[in-house]
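The values are calculated or read from the model by the stated rules, or taken from the named source; none is laboratory data. Owing to the predicted nature of the structure, the values given are computational and were not obtained by experimental measurement. FYI the Cβ positions are ideal-geometry reconstructions off the backbone, even for glycines, and counts take in every protein chain you see. Surface accessibility is based on the protein's heavy atoms, side chains included, excluding ligands, DNA and RNA. Shrake-Rupley method; radii C 1.70, N 1.55, O 1.52, S 1.80 Å.
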Amino acid sequence: MAERNFIIIGHRAHTAADWKLNDICGGAGRMDILARCVTSALCESHGIRKDTDVWLVLKGPPNNPLSIHFSGKNIKYLNPDERSTAALIRNALIKSKKIEESFETSPGITVHLKDLPEILDFLPQPIVLLSEDGETKFPPLPSTFVLGDDTDLSKDEISSLRKHLNLSLGKKSLLTSSCIILLHSNYDFSSGTQS
Ligand SMILES: C[S@@+](CC[C@H](N)C(=O)[O-])C[C@H]1O[C@@H](n2cnc3c(N)ncnc32)[C@H](O)[C@@H]1O
């Protein structure tokens with residue numbers, strides 16, 4: 001299991017490949033946000049963060065919930081542009097039509113028919129909900145961070161995280177992808193891996 005895990009809830013993100021790559025912001029249910037988060041979490045200037053995994057929880061129509069796991073250690077064919085990341089997600093959704101539980105749709109990308117609470121069961125603790133009004137003392141790694149897309153977590157989602165930490169990166173409401181970059185920076189500095 002990776003040391004740094006980012007779960008992003010795509011509240012409207014479509015769970016079938018019923019959208020076009022030219023319409024990732026609209027018809028796909030803000031898939032652009034999720035693709036940007038994958039880039040922020042996994043892409044370095046000339047490489048991939050092997051210590052990091054991303055979990056996209058897709059909650060839009062028609063087959064929700066469905067989760068797509070990106071493994072930094074195993075992923076291949078990931079480039080830093082949103083369109084090609086969206087294409088990897090689309091490919092995963094096309095292949096997910098046939099699956100019953102979990103299936104690796106391309107190297108390092110696995111689709112699971114699981115919702116947030118089931119994913120939380122097997123990811124590393126502590127689990128941290130990110131929100132503007134949380135506390136500001138971050139735990140050491142390994143850790144799992146949960147973030148919303150362009151909307152915050154629903155009451156039910158927050159309630160499934162009740163017993164976990166709620167931390168803030170400041171009072172300003174930031175883009176989810178920016179939060180991921182700030183979190184990486186915080187841990188890179190504290191572990192001395194920042195050059
Ligand atoms: C664009 S924000 C969500 C919408 C925003 N709260 C609003 O309605 O103005 C996306 C997600 O990023 C995270 N986030 C944004 N700003 C944050 C902050 N200052 N501290 C911690 N997390 C933050 C939260 O997980 C949030 O759900």
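Mean residue ellipticity at 222 nm from the helices of the chain, using -39,500 (n - 2.57) per DSSP H segment of n ≥ 4 over the full residue count, to the nearest 500 deg cm²/dmol?
-8000 deg cm²/dmol
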* To do: For segment 1-79, with all protein chains present and a 1.4 Å probe, just round the carbon and sulfur fraction of the accessible area to a whole percent.
  => 49 percent
* Would you please put 102-115, 53-66 in order of how densely packed they are, using the mean number of other Cβ atoms within 10 angstrom per residue and starting with the highest? => 53-66, 102-115
* LYS95 - accessible surface, heavy atoms, 1.4 Å probe, Å² rounded to 10 -> 80 Å²
* Asked: On a 0 to 90 degree scale, rounded to 10, what angle separates helix 31-42 from the longest Cα axis of the chain?
  -> 50 degrees
* Å² per residue, accessible surface of the chain at 1.4 Å -> 50 Å²
* To do: Starting from 0 in steps of 5 Å, tell me what percent of the Cα-Cα pairs of segment 4-187 lands in each bin.
  => 1, 8, 19, 23, 22, 16, 8, 3, 0
* Structure fact -> For segment 143-153, in residue order, the Karplus 3J(HN,Hα) values (coefficients 6.51, -1.76, 1.60; θ = phi - 60°; whole Hz; Gly and Pro = x) are 7, 10, 10, 10, 9, x, 9, 8, 10, 5, 5
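Pop out the carbon and sulfur fraction of the accessible area of segment 107-192 as a percent, whole number, probe 1.4 Å. Don't skip to the answer; put the middle values down first.
Working: 2570 of 4560 Å².
Summing carbon and sulfur atoms, their accessible area is 56 percent of the total for segment 107-192.
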* Asked: Restricting the count to DSSP beta bridges whose residues both fall in segment 4-187, what percent are antiparallel, rounded to a multiple of 5?
  -> 45 percent
* To do: Measure nothing but the geometry: give the 0 to 90° angle between the long axis through the Cα atoms of 176-191 and the longest principal axis through the Cα atoms of the chain, rounded to 10°.
  => 50 degrees
* To do: Mind pulling the angle between the C-alpha long axis of helix 82-95 and the longest principal axis of the chain? Nearest 10 degrees, somewhere in 0 to 90.
  => 60 degrees
* Within-13-Å neighbourhood charge of HIS69 [Cβ basis; K, R +1; D, E -1] -> -2
* So which GluC sites (Glu not before Pro) in segment 115-161 pass both tests, a DSSP loop state and at most 10 other Cβ atoms within 10 Å of the Cβ? -> none
* Too long at a 30 Å Cα-Cα cut-off: which of LYS97/LYS137; LYS73/LYS137; LYS50/LYS137; LYS95/LYS155? -> LYS97/LYS137; LYS95/LYS155
